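The values are calculated or read from the model by the stated rules, or taken from the named source; none is laboratory data. Only a predicted model underlies this, so the values are computations on that prediction, with no experimental measurement involved. Here Cβ is always computed from backbone atoms with ideal geometry, including for glycine, and neighbour counts include all displayed protein chains.
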Amino acid sequence: MSKPLIGGHVSAAGGLHNAIDRAEAIGAEAIQLFCASPRAWKSPLPKAQDIKKFKERRKNSAVKAVYLHAAYLVNLASPLADTCKKSVRCLADHLAIAEKMGINGLIFHIGSGKELPKEEAFKKAVAAMKEVLKRVPGKSQLVIENTAGGGQKIGANPKDIGSMIKAVGSPRVKVCFDTAHAFEAGLIEKYTPAATKALFDEWDKYVGKDRIVALHVNDSKTIYNSRHDRHENIGEGHIGLEGFKVLAKEKRLRDKAWILEVPGFLGEGPDAKNVKILKSLFR
């Protein structure tokens with residue numbers, strides 16, 4: 001049986017190339033990083049020498065998959081025109097950076113339509129994604145992450161995400177499946193073999209297994225169907241180690257990048273211990 005690329009979110013503080021050093025320090029083969037503050041609209045393009053240094057450092061590393069994560073402010077479904085406009089520009093700027101860096105793509109949350117009817121919010125999000133892809137031609141993927149579902153957020157279930165992908169109509173639109181968000185959104189109460197098979201049968205039906213390119217592998221601090229997005233270290237939350245053992249046996253997930261977004265056992269983010277626990281499930 002093949003093994004997935006396993007890693008986590010790492011800091012790029014002090015230079016993009018430092019993300020590779022931090023990845024190797026925790027034994028990561030796949031990483032996610034911020035290229036700008038996640039709480040700011042602006043994301044200036046890194047200097048050419050910084051991108052070159054990142055590429056050179058990555059070339060000789062164990063890191064085989066790299067994703068950026070978009071700013072938390074992005075809301076493609078917002079009822080406010082100005083927020084939608086800024087969200088498109090911010091996403092396009094981040095996607096352009098991903099393209100320049102030569103990495104897999106950009107993971108993002110659709111956002112919330114708030115008081116808007118769901119159909120209207122859906123149309124706004126689809127139009128926004130089309131515009132982002134139009135502004136940034138290339139190979140880097142625009143990767144939708146499933147949400148925990150609170151606050152009228154769009155994109156909690158495979159049917160909705162599949163409909164959006166179909167409406168956008170681009171092969172560059174992919175999916176990142178978050179284990180905690182699916183649990184918190186009420187998609188799966190327990191990752192048993194039968195429930196896990198049924199869950200990914202549904203994702204396969206509406207989205208397609210090949211559209212899922214990455215997993216955010218997180219335990220949940222909150223209970224099933226809480227609609228609250230709170231991550232916990234692997235085996236320390238409500239999903240539990242047994243749930244991740246079952247996920248490790250799901251063959252359809254073996255060719256994805258498994259990326260941790262956990263608090264870490266020392267409170268410093270994804271660490272070697274969490275990576276080691278995940279890797280041990282595939283031996």
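Those helices (runs of 4 or more DSSP H) of the range 7-114 in which 2 or more residues are within 20 Å of residue 164 (Cβ to Cβ) occupy 81-101.
The number of residues in the range 70-94 being crowded, with 22+ Cβ neighbours inside 10 Å and more than 19 Å from the chain's Cα centre (by Cα) comes to 1.
Yes or no, residue by residue, for (1) over 22 Å from the mean Cα position of the chain (by Cα); (2) modelled with pLDDT under 95; (3) surrounded by 22 or more Cβ atoms within 10 Å (Cβ to Cβ):
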position	(1), (2), (3)
31	no, no, yes
37	no, yes, no
44	no, yes, no
49	yes, no, no
60	yes, yes, no
64	no, no, no
68	no, no, yes
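When the residues of the range 109-138 are filtered to those that are among the basic types (Lys, Arg) and farther than 26 Å from residue 182 by Cβ, the one that is surrounded by the fewest Cβ atoms within 10 Å (Cβ to Cβ) is 134. The selection criterion, being in a helix (DSSP H, G or I) and surrounded by 20 or more Cβ atoms within 10 Å (Cβ to Cβ), holds for residue 182.
Scanning the range 249-276 for residues that are within 24 Å of residue 194 (Cβ to Cβ) and touching a helix residue (DSSP H, G or I) at 6+ places or on another chain (Cβ under 8 Å) yields a total of 5.
In this structure, does residue 197 turn out to be over 15 Å from the mean Cα position of the chain (by Cα), in a loop (DSSP other than H, G, I, E, B), of a type in the set (D, E, K, R) and over 23 Å from residue 127 (Cα atoms)? So residue 197 fails the test. Can you confirm whether the range 119-136 contains a residue that is in a loop (DSSP other than H, G, I, E, B) and over 19 Å from residue 261 (Cβ atoms)? Checked the range 119-136: at least one residue is in a loop (DSSP other than H, G, I, E, B) and over 19 Å from residue 261 (Cβ atoms). Looking across the range 204-244, the residues that are crowded, with 16+ Cβ neighbours inside 10 Å and hydrophobic (A, V, I, L, M, F, W, C) come down to 207, 212, 213, 214, 215, 217, 234, 239, 244.
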